[in-house]
Amino acid sequence: MKKLYWGASLLSLVLSTEALAKDVYVRDISVQGLNRVENETVLAYVDIAKNSKVPEEKLNDALKQLYETGLFTDVAFNVTPSGELVIHVIESPIINDRLFDGNKKVDTSTLESEVSLAPRMAFSKAKAQEDVQRILEVYKRTGRYAVVVDPKIIKRENNSVDLIYEIDEGPVAAIEKINFIGNTHYSSSELQSEIMSKETRWYRIFSGSENFDAERMNYDKELLRRFYSKNGYADFNVVSAIAELSPDKKSFVLTFVVDEGPRYEIGAINVVSDIQDVDTAALQEDVLLEVGDWYNADKIEKSVYAITESLGKHGFAFVDVQPELVRDPANGKIMLTFHVKEGDRVFVNRINISGNTRTDDDVIRREFRISEGDAFNGAKIRASRRNVENLDYFSKVDIQTQPNPDGNSADVNVNVEEKSTGYFNVGVGYSTVNGALIRTGITENNFMGRGQQLGFDIGVSQRAQDYNISFTEPYFLGRPLSAGIDLFRTEEDYQDEGSYDTESTGGRLRLGWNYTDDLSQYVRYTLREDKINNVDEDASRYIKEEEGSYSGSIIGQTIVYDKRDSAINPREGYYLSFGNDIAGLGGDEKYLKFDAKAYNYMTFADYYTWKIFANGGYITGYNGQNVRLANRYFLGGYNMRGFEFGGLGARDKFTNDALGGNWMVYTGTELSFPMGLEELGIRGRTFVDVGMIGKPNGVSSQYVDYSSSPRVATGVGLTWQSPMGNIDIDFAVPVVKKSYDETEVFRLNFGTRL
């Protein structure tokens with residue numbers, strides 16, 4: 001007699017002492033132990049025909065396949081002497097309920113979307129362990145590496161169980177330290193300011209940047225490459241990026257090993273073409289670099305796009321513009337050639353967007369410089385990716401091109417990973433101008449996923465209170481036209497300077513658009529009511545005359561040309577703006593106002609930034625109306641260091657009240673330098689300020705001290721990029737002043753200025 005038995009626990013063939021034949025004859029098949037699972041389901045997985053010889057290997061494979069379905073906790077095969085294959089099974093219990101216990105930092109809905117086991121499914125230990133790994137991965141993405149997940153089952157009647165994932169979330173594995181090795185031209189603190197990962201600090205309680213994220217670290221490598229490549233380092237390379245987890249799994253140390261390479265200047269620029277009838281001389285005007293500039297990969301990419309656009313306007317749709325570099329490391333020069341070639345005749349079939357669970361597709365599509373049906377162009381694809389990244393709605397933007405079988409078209413697949421776009425800020429501080437202050441605000445830069453910005457801001461100090469609500473639609477009427485509305489109210493105490501208080505309440509409508517990446521224009525309409533009240537009985541006669549409320553209906557515009565390398569911490573480039581306003585389209589106020597600003601930044605020896613600036617303004621009334629006090633210029637404090645707010649200019653001889661002026665000029669120079677405290681965000685500076693202010697119309701020299709001659713102050717200071725915003729501390733000494741000017745040696749200001 002021959003008896004054969006296969007057990008799932010061993011997944012191997014167990015034989016009797018008799019010799020084993022190569023094949024087993026199966027006359028019939030029966031299944032024992034079924035309650036819920038259908039007999040046909042088992043036979044389908046086994047796939048063995050009756051009245052057939054079956055190789056032993058196939059019986060083994062059939063047993064494994066049946067066991068791996070997860071429908072059974074045990075499976076055994078037994079072939080009787082009569083040739084009947086008897087399949088013994090023990091069914092897996094059914095999951096009655098699936099619960100998560102202990103998850104406070106990750107929503108249950110998020111965990112439910114990750115695990116595979118669900119109610120009414122067969123329980124499997126293997127699948128439960130797979131789900132544990134998925135849950136661990138979810139927590140790793142939130143920076144929690146010490147999490148412990150223990151799947152527990154509670155037996156119920158009718159062979160059912162409750163599955164409970166008990167979770168001990170543990171602390172966030174914050175980034176304890178970020179090290180840079182190999183950097184000589186830029187300090188570690190400067191490089192830290194360029195990447196997204198941040199060292200843990202007490203003031204980053206509302207930020208996730210201090211939590212370790214492997215994908216963020218990979219993106220940091222790209223950010224470092226971009227930073228160096230736009231500052232002259234064409235050979236820069238991140239040699240390695242290592243994240244070391246502490247033994248207690250509570251913190252990380254990140255180490256970036258970099259190879260900066262030499263810094264290159266542009267030695268020559270050429271445009272050559274393999275295509276006939278291309279005017280290469282004209283294309284030179286589209287190059288944004290000049291000989292002698294530092295190598296800048298960002299400007300080279302923008303030049304490629306500009307050349308491609310120009311060629312497209314002249315009928316060359318299928319072109320490929322390749323920048324070619326010839327390095328001369330010994331002399332620190334790069335010879336740059338833009339090579340225009342014939343491109344493949346491929347069209348864009350579809351632009352597919354994925355990963356945006358919150359942001360509308362249209363918000364992403366409108367940033368593309370290429371549309372479905374257009375000739376495929378790599379430069380426009382890269383420009384589109386840069387535009388989507390600049391939205392700052394996504395932690396990752398990946399664009400891949402997928403050719404279609406026809407060979408004449410390609411799909412553009414865009415995958416994004418969304419990040420938080422809302423900001424809550426609270427700041428406290430002290431200013432010698434405004435006294436103790438607190439400011440709080442909420443801003444959402446991607447309101448309802450439509451790319452709109454909604455903000456609410458409140459500032460309260462000993463001297464002033466201001467309240468602002470703003471809303472901006474960046475793509476008004478389906479065009480690249482920003483439109484917005486502001487509502488505001490400001491209350492200010494001028495008792496020390498002028499023996500009065502002011503209130504201003506109103507709203508503003510605005511439109512803005514870009515002519516180029518650097519040139520933009522904004523128009524606005526403001527309707528407001530200004531009020532001068534609480535005028536002291538000993539105040540200047542000119543202030544008493546203006547006590548009361550006045551309405552203003554003002555239309556204005558500002559044009560801006562911004563060539564700075566950064567709007568936050570500029571090191572190179574310049575900024576120009578010119579604006580004008582006209583009041584009198586209704587309301588009580590009637591005036592014309594003009595303002596201009598110019599800033600130039602130069603950095604040398606990598607760390608020293610020299611700023612030269614000039615601000616000017618002029619306002620005049622018309623139809624016989626003088627400019628009221630609330631609309632005049634005041635110099636001193638934040639816009640003329642060394643003098644109190646309103647400290648220079650026309651002043652009542654008898655009451656010493658500041659009366660402002662109808663024009664002003666504020667200019668000077670400033671050198672910013674490192675102090676060895678970059679890790680704390682502190683830099684020093686030395687400066688010279690020069691200011692002049694004109695006399696207001698309608699005041700008599702008999703009652704007013706006034707001189708339009710320049711005042712000069714010089715001093716030193718520092719800026720601290722604190723968790724509450726920029727804090728400026730300055731010590732300034734007026735070296736040219738008038739006897740009646742009000743001076744101020746020490747100034748502390750909380751906030752941001754250009």
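The values are calculated or read from the model by the stated rules, or taken from the named source; none is laboratory data. Predicted model only: the values in this text are computed from it and were never measured. Glycine gets a Cβ as well: all are built from the backbone with ideal geometry, and neighbour counts include every protein chain shown. The protein model used for the area step is the full one, side chains on, heavy atoms only, and it has no ligands, DNA or RNA in it. Shrake-Rupley method; radii C 1.70, N 1.55, O 1.52, S 1.80 Å.
Between the residues PHE338, PRO405, ASN390, the greatest Cα displacement towards the positive end of the dipole of segment 315-419, with unit charges on the Cβ of Lys, Arg, Asp and Glu, is found for PHE338. With r as the distance between the Cβ atoms of ASN387 and GLU222 and R0 = 22 Å, compute the FRET efficiency 1/(1 + (r/R0)^6) and round to 0.05. That gives a FRET efficiency of 0.85. Split the accessible area of the chain by element, probe 1.4 Å, and carbon with sulfur accounts for 51%. Taking the average, over residues, of other Cβ atoms within 10 Å as the packing measure, peptides 404-417, 645-658 rank 645-658, 404-417 from highest down. Pairs with C-alpha atoms separated by more than 18 Å, drawn from the list LYS230/LYS313; LYS230/LYS419; LYS177/LYS198; LYS105/LYS198; LYS563/LYS597, are LYS230/LYS313; LYS230/LYS419; LYS105/LYS198.
Placing pseudo-labels 7 Å out from each Cα toward the beta carbon at ASP496 and ARG479 gives an inter-label distance of 4.9 nm. For the chain, the relative contact order comes to 5 percent (Cα pairs under 8 Å, sequence separation of at least 6). Segment LEU245..GLN557, full-extension length gain: 106.9 nm, with 0.36 nm per residue of separation and the alpha-carbon distance subtracted. For the chain, the residue among PHE604, TYR622, GLN32 whose Cα projects farthest onto the positive side of the dipole built from Cβ charges is GLN32. When Rg and Dmax are taken over the Cα atoms of segment 170-266, they come to 14.2, 53 Å. Each Cα pair under 8 Å and six or more residues apart adds its separation to the average, and for segment 452-576 the resulting relative contact order is 17 percent. Label positions at SER708 and ALA317, each projected 7 Å from the Cα along the C-beta direction, are separated by 6.1 nm. Taking max minus min of the alpha-carbon positions on each principal axis, segment 194-347 gives extents of 68, 43, 26 Å, largest first.
Between ILE612 and SER549, the modelled label-to-label distance comes to 4.9 nm, taking each label 7 Å out from Cα in the direction of the beta carbon.
Only lysines eight or more places from LYS58 in sequence, or on another chain, were considered; those with a Cα closer than 24 Å are LYS2, LYS3, LYS22, LYS50. Per-residue Karplus couplings for segment 95-106, computed as 6.51 cos²θ - 1.76 cosθ + 1.60 with θ equal to phi - 60°, are listed in order as 6, 7, 8, 10, 10, 10, 10, x, 7, 10, 9, 10 Hz, Gly and Pro entered as x. Think of it as helices only: each DSSP H run of n ≥ 4 in the chain is worth -39500 (n - 2.57), and spread over all residues that comes to -4500 deg cm²/dmol at 222 nm.
In terms of packing, defined here as the mean over residues of other Cβ atoms within 10 angstrom, the peptides 306-317, 474-485, 633-644 line up highest first as 633-644, 306-317, 474-485. On the beta carbon distance between ARG156 and GLU444, with R0 = 45 Å, the FRET formula returns roughly 0.45. For ARG156, nonlocal amide neighbours, meaning residues 5 or more places apart or on other chains whose placed amide H falls under 5 Å from its own, are VAL161, ASP162. Size check on the chain: the Cα extents along the three principal axes, sorted descending, read 133, 71, 52 Å.
Each Cα pair under 8 Å and six or more residues apart adds its separation to the average, and for segment 236-391 the resulting relative contact order is 20 percent. Computed from backbone phi with θ = phi - 60° and the Karplus coefficients 6.51, -1.76 and 1.60, the 3J(HN,Hα) list for segment 401-416 is 9, 10, x, 8, x, 5, x, 10, 8, 8, 9, 10, 9, 10, 10, 10 Hz; x is used for glycine and proline. Full extension of the chain between GLU130 and ASN408 yields a length gain of 95.7 nm, computed as 0.36 nm times the residue separation minus the alpha carbon distance. Segment 57-118 and segment 628-677 have Cα centres separated by 79 Å. When the Cα positions of GLN495, THR472, SER551 are compared along the charge dipole of segment 465-591, THR472 comes out farthest toward the positive end, with charges on each C-beta of Lys, Arg, Asp and Glu. Accessible area per residue for the chain is 50 Å², calculated with a 1.4 Å probe on protein heavy atoms, without ligands, DNA or RNA. Counting only Cβ charges, +1 for Lys and Arg and -1 for Asp and Glu, the dipole size of the chain around its Cα centre is about 260 debye.
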